[in-house]
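Have a look at the structure below before the remarks.
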Amino acid sequence: MRRKLVAGNWKMHGSLAANQALLREVIPAVAALDCEVAVCVPFPYLAQARAMLEATPIAWGAQTVSEHGQGAYTGEVSAAMLLDFACRYVIVGHSERRSLYGESDAVVAAKFVAAVKAGLTPILCVGETLAEREAGVTEAVVARQLQAVIGAAGAAALGRAVVAYEPVWAIGTGRTATPQQAQEVHAFIRSLVAGHDTAVARSLRILYGGSVKPQNAAELFAMADIDGGLIGGASLVAADFAAICGAA
């Protein structure tokens, strides 16, 4: 059985004082749990996260990474820079990066390649909008996003990554895919990967992201192909995040 992973995505939230208070509550609450826990924080807080978490079982990471190793890319942060802060994870292709910053499937694939080559574990986000779900093209959209990465990195590279299914219509909206809806897409993702590499598909951890709360986490995580969660707003409330980790 694949070990559950719960990753908190803080988005553009936090301050030194707020982060310290949050992590001081989260660390003892999740330290003894039998699941993997990580927090993905804004770039300025990576040093603080490392200082507070390096003696704990909780991992840390960033929310995006440049596809470039170095050069004249003002404002960008490379994979090597993230390694300087001992990051383990980096989120790649989050729906907000795709929609707000125009990251194409090709750019997301290039970022995935850069992360894997550096030794980071990318959390690759895929998912459809409400219009795409209502049009019945969820699987086509998710397949296109995954195939772009497989084409650039090879299916074996997914063995060093995590995939997160995040239906865009359920992020920050209060709406959540039903456990059955989420399971259907997770099973589709595993089947698609199995078409390239069955061993990678069996071990691949596929997280669900989309308004996961303490009230629905256990039911979601009980699905056969849901291996944990990528948690947004609830990761900013220590009690809620701890409860979701406990459900895993």
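Pull up the range 50-75, narrow it to residues that are farther than 12 Å from W10 by Cα and aliphatic (A, V, I, L, M), then point me to the one that is surrounded by the most Cβ atoms within 10 Å (Cβ to Cβ).
V65
I'm trying to understand the selection: among the residues of the range 1-30, which are touching a Ser or Thr at 6+ places or on another chain (Cβ under 7 Å) and over 24 Å from Y165 (Cβ atoms)?
Answer for the range 1-30, where residues must be touching a Ser or Thr at 6+ places or on another chain (Cβ under 7 Å) and over 24 Å from Y165 (Cβ atoms): just I27.
What pairs come up if the first residue lies in the range 199-222 and is exposed (fewer than 15 other Cβ atoms within 10 Å of the Cβ), the second is among the basic types (K, R) and at pLDDT below 95, and their beta carbons are under 7 Å apart, counting only those six or more places apart or on different chains?
S203/R2
Looking only at residues that are basic (K, R) and part of a loop (DSSP other than H, G, I, E, B) in the range 1-29, which one is surrounded by the most Cβ atoms within 10 Å (Cβ to Cβ)?
Across the range 1-29, the extreme among qualifying residues is K4.
Kindly provide the set of residues from the range 50-95 that are closer than 30 Å to T173 by Cα, of a type in the set (A, V, I, L, M, F, W, C) and assigned to a loop (DSSP other than H, G, I, E, B), ordered by number.
I58, V65, V77, C87
For R205, state whether it is charged (D, E, K, R) and touching a helix residue (DSSP H, G or I) at 6+ places or on another chain (Cβ under 8 Å).
no
What residue, among those in the range 6-23 that are among the small types (G, A, S) and at negative phi, is nearest to the chain's Cα centre (by Cα)?
Only one residue tops the list, namely A7.
The values are calculated or read from the model by the stated rules, or taken from the named source; none is laboratory data. Just so it is clear, the structure is predicted and the values come from calculations on it, not from any experiment. A quick note on method: Cβ atoms are made from the backbone with ideal geometry, for glycine too, and the neighbour counts reach across all protein chains shown.
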